[in-house]
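To start, the structure under review is shown below, and the notes come after it.
The values are calculated or read from the model by the stated rules, or taken from the named source; none is laboratory data. Being a predicted model, the structure only gives us computed values, none of them experimental. Note that each Cβ is placed from the backbone with ideal geometry, even for glycine, and that neighbours are counted across all protein chains shown.
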């Protein structure tokens, strides 16, 4: 069994976050799309995938 290592927060190095879609979707991080059924989560995910696959800008992306 692996041993847990406790570290202090002063040992953690901060890193700049790179954004795919600021401030909603960062690169290399987990993004959760949450909401009630029927609110358009799948539509949003498919729309973003379509825009990115065509190289088009994301909504409200300045």
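Just one of the listed residues (38, 28) is out of contact with any strand residue (DSSP E or B) (no Cβ under 9 Å at 6 or more places or on another chain), at positive phi, modelled with pLDDT under 95 and assigned to a loop (DSSP other than H, G, I, E, B), and it is 28.
Name the residues in region 11-26 that are farther than 14 Å from residue 61 by Cβ and loosely packed, with under 10 Cβ neighbours inside 10 Å, would you? Of everything in region 11-26, those that are farther than 14 Å from residue 61 by Cβ and loosely packed, with under 10 Cβ neighbours inside 10 Å turn out to be 11, 12, 13, 14, 15, 16.
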